[in-house]
Structure formats: structure tokens, C-alpha cells
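Asker: First the structure, which I've put down as C-alpha cells, then a few questions once you've had a look.
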């Protein structure tokens, strides 16, 4: 393919902009003359840039390469399209273009044949990007070389940055981070869902624990832990706990509730709601957690790094285990206790046989809550709203999944064949563990604690004082 005929081939290869819904409807042409459908990049965040070698802005090329490399592992790519539309900035023949970018600068970003991005020779991709009716955020003529179009994972333009915006500009990088965090194309309003039941709970329902018969839920303002019967969808047993906090767990014929009011761990008889034991050990943080497994109850009692092991036969602390400082929450899976450290961005494995940390795995930023299932531990990373999947057999990071739910609070649960995440304004996010991706996300009010069991997804609404029960098969 000659230099002069390349734009014609691009026009013939591309879909009409009027029928297009995303950049995936278009083609570009490689340096070797092959048609490259942009759906090749489906699911990635893209930065489409019209580059030129003979221009004052060509010092941005190494920065574009650095940006491409920095985020490539998270599903990002810079697409460089050489263009001679402005100031005769790209006068060379195809072999000269290739030699400059590939051999002289050693760029690895996807690089395409020269194309028109403005005027009569404008290719359909750029007709689409600059059409203000189709794309209000990016519409308007391309003003000069190195205009940058940020494309979301759904193939739709989300932002435009003009030539003067350097690739390492904080605003541009923040936009890239935000686009990477969003699981585009899967959102719908929570108002579209019809709960199987809405259960009123006095006060502010928060932490939950599941048993074979139903769900236990805390209500801190009312100093209560309440049992919701799965058969009737009504409260039936109430236990009095002073300021229940830091999680809720079921095991060894009991329900275990940390009390921030009495600075103790309360053991509840699920049949009567009576407190049958009070272990004099306080949780390290009111937003931590509690876990059962390996014949023990586990609770973090010092944020500097102390995990207490409680024997349910004696209701006494039998070991205090040193874990990484900044540890937060924990779960039990595949014969081990797993502890997140928000300070060090890691997940630690504790062997109950030795009461020692045996492994540490780097995960996403600020991992806080976690769950286990499907041969993995899943951490909710509040630094960027991602989910890290750690394989419990190899004790290694298997995936980082963009979920778009950054912020404090929230919770994560495994059950009913999926991973479920809740966060204020994002009450339910469903992750398919077989594909390691978000398949559905419901937005709107509500969402503080989530559990999946008994054929249902259970969601608390702290502010409105209710627990919503959804059929898992309908989500």
C-alpha cells in the first residue's frame, strides 16, 4: 500500500460514523498495510493521539511511551496515528515514519499508517471523535498535532486533551486512572431491581453473618444483634450487645459479636439470643472483622499487628500472633487465616498449625475487607476500587479486577457462584469469578454490608434501616 492511497483504504475499511456507537466500529491500517479493527482493543482504556515527528510537541513521544508502559498491565494502550495535517509535521514516506518511531525512538506503542485527522482527508474514526452531536465531551475539530482522545473500556470517548497537555499532566493521568477503574457498559440503576423481601430492622443494620436458617445483622444504635428468619423474612431473635461493631461471625454453635461498648467479644446462643460468654478482648478497629475456622475464633486486637486466637471450648485467648502492622480484616480459607494490611498493600497468610505468618502477597492499593471462595481470597482495595484475587493454593496474585468502587466503607462477599461488592452509591457489583470481570453493577442509594447465601443476596441499607433480600438467580 502506498503512502497516498492509505487514507482511501482507511475510509473503505471503516464503518460509517453515523452508524457507529463506539470506536470499536472502526478500523485503522498498520504500518505494514494490514487492516486493524479497533475491536481488537475491546475492553481496554485507550488514548488515541495524532502524532508528528516534525513538530515542537514531539518531545511528548517518550512520555506517551512511558504512559503506555506504566498502565499496560491494567488494560491501557496509547494508539499513535501519524498525521501530516498540521504544519507539514509528518512529511516522510511510510518507511521513514517507521524508522523514526520504531528504530530511532524505540517506541512500542501501537503505531499506525499516516492518516488524515482533519479536513477533507479526515478518516471516519476522527469524524466520529470530533462529531459534537455524537460525542459532546470530545466534539469539535482537531486543532493541532498531539490532540489526545481518552476512550473508556466500552469504546466511547470520555475526555479530550489538546496538544499542550503533557502525557504526565496530573489531570490527564487522573482521567486515565478513573477510566481504568470503571467497568463500563455494565451499570444500571438499583431502582430497576425488585427485592424478594424488604425487612425493617430497628436502628441502622450493618454487619451480617449467615447461618443455615437465616441472617444475623447488627444494629449499633439499638445495641442489638437481630436474627432474620429466611423462611418468614422477619426478625425473630434479638440479642443485646453494647455497640456491636467490627463484624459478625457464626461458628461452633454460636454467633460471635465484638462489642465496642463493653470492649469485649460476645458469644450469643442463636436459639435464645442470650449472651453465654464475654471474652475480655476488644477489637482493634470498629470497622475490622472477625472470622471462624481451624477450631478457633480470630480477631485483630491491636492495629500495630496482633491477631488474637480464641478457643471456643474455653472462651479464652490461647495465642496472640504477630501480623503486619496496619492489618485490618481477615477471613479463613483452605486451612489458613488471611489478613489484609492497608498500610503495606498486602495479604498475609497465617498458618494455624504454627501461629506464624507464612506468606505475604502484594495486592491492590489499601486492601481492606476480604472474602474467600472458589479457591481464592478476594480483597476489596479501597485505594482504587479494584478487587484482587489471590490463589490460595499457589499463594500468588491471580488477577486485579477493575470494579470502580473506590472509597471508605463497603464490603465484599462470595456466594451463589459470584463475588459481590457493595459500596455507598454502588450498592451491588457482581463479579464473575470464571472470567475475573464485573458483569453487572447497580448504582444508586443504599449499600453498606452484603452477603450471598440461601439462594439470595442480602444487602443492608444503613440509613433507611432495612435489609433487602434479592433472588441471586435474578441478578
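Asker: Which count do you get for residues in the stretch 337-367 that are under 19 Å from the mean Cα position of the chain (by Cα) and without any contact (Cβ under 8 Å) to a residue 24 or more places away in the chain?
Answerer: The qualifying residues number 4.
Asker: Please go through the stretch 107-139 and pick out each residue that is more than 20 Å from residue 89 (Cβ to Cβ) and touching a strand residue (DSSP E or B) at 6+ places or on another chain (Cβ under 8 Å). Outline the logic, then answer.
Answerer: Step one: filter the stretch 107-139 for residues more than 20 Å from residue 89 (Cβ to Cβ), giving 108, 124, 127-128, 131-139.
Scanning the stretch 107-139 gives 135, 137, 138.
Asker: Further question: Give 399, 413, 403 a once-over and let me know the one that is more than 21 Å from residue 177 (Cα to Cα) and either touching a strand residue (DSSP E or B) at 6+ places or on another chain (Cβ under 6 Å) or at pLDDT 95 or above (or both).
Answerer: The unique qualifying residue is 413.
Asker: Mind checking which residues of the stretch 431-475 are assigned to a loop (DSSP other than H, G, I, E, B), more than 23 Å from residue 202 (Cα to Cα) and under 18 Å from the mean Cα position of the chain (by Cα)?
Answerer: 433, 434, 435, 436
Asker: A further question on this structure: Restricting the stretch 325-336 to residues that are in contact (Cβ under 8 Å) with a residue 24 or more places away in the chain and touching a strand residue (DSSP E or B) at 6+ places or on another chain (Cβ under 6 Å), which is farthest from residue 385 (Cα to Cα)?
Answerer: 336
Asker: Has the stretch 51-60 got any residue that is within 29 Å of residue 400 (Cα to Cα) and surrounded by 14 or more Cβ atoms within 10 Å (Cβ to Cβ)?
Answerer: No, the stretch 51-60 contains no residue that is within 29 Å of residue 400 (Cα to Cα) and surrounded by 14 or more Cβ atoms within 10 Å (Cβ to Cβ).
Asker: Limited to the stretch 109-148, what total is found for residues that are surrounded by fewer than 15 Cβ atoms within 10 Å (Cβ to Cβ) and within 13 Å of residue 81 (Cα to Cα)?
Answerer: Residues that pass the stated criteria total 0.
Asker: Condition check: closer than 18 Å to residue 31 by Cα, outside the structural domain of residue 437 (by TED's automatic domain parsing), touching a residue at least 40 places away in the same chain (Cβ under 8 Å) and not in a loop (DSSP other than H, G, I, E, B). Does residue 125 satisfy that?
Answerer: Values: closer than 18 Å to residue 31 by Cα: yes; outside the structural domain of residue 437 (by TED's automatic domain parsing): yes; touching a residue at least 40 places away in the same chain (Cβ under 8 Å): yes; not in a loop (DSSP other than H, G, I, E, B): yes.
For residue 125, the condition - closer than 18 Å to residue 31 by Cα, outside the structural domain of residue 437 (by TED's automatic domain parsing), touching a residue at least 40 places away in the same chain (Cβ under 8 Å) and not in a loop (DSSP other than H, G, I, E, B) - is met.
Asker: Let me ask another. Just to be sure, is residue 239 assigned to a strand (DSSP E or B) and either surrounded by fewer than 19 Cβ atoms within 10 Å (Cβ to Cβ) or in contact with a strand residue (DSSP E or B) (Cβ under 8 Å, 6 or more places away or on another chain) (or both)?
Answerer: On the way: assigned to a strand (DSSP E or B): yes; either surrounded by fewer than 19 Cβ atoms within 10 Å (Cβ to Cβ) or in contact with a strand residue (DSSP E or B) (Cβ under 8 Å, 6 or more places away or on another chain) (or both): yes.
Answer is yes for this residue.
The values are calculated or read from the model by the stated rules, or taken from the named source; none is laboratory data. Just so it is clear, the structure is predicted and the values come from calculations on it, not from any experiment. Every residue, glycine as well, gets a Cβ built from its backbone with ideal geometry; the counts of neighbours run over all protein chains shown.
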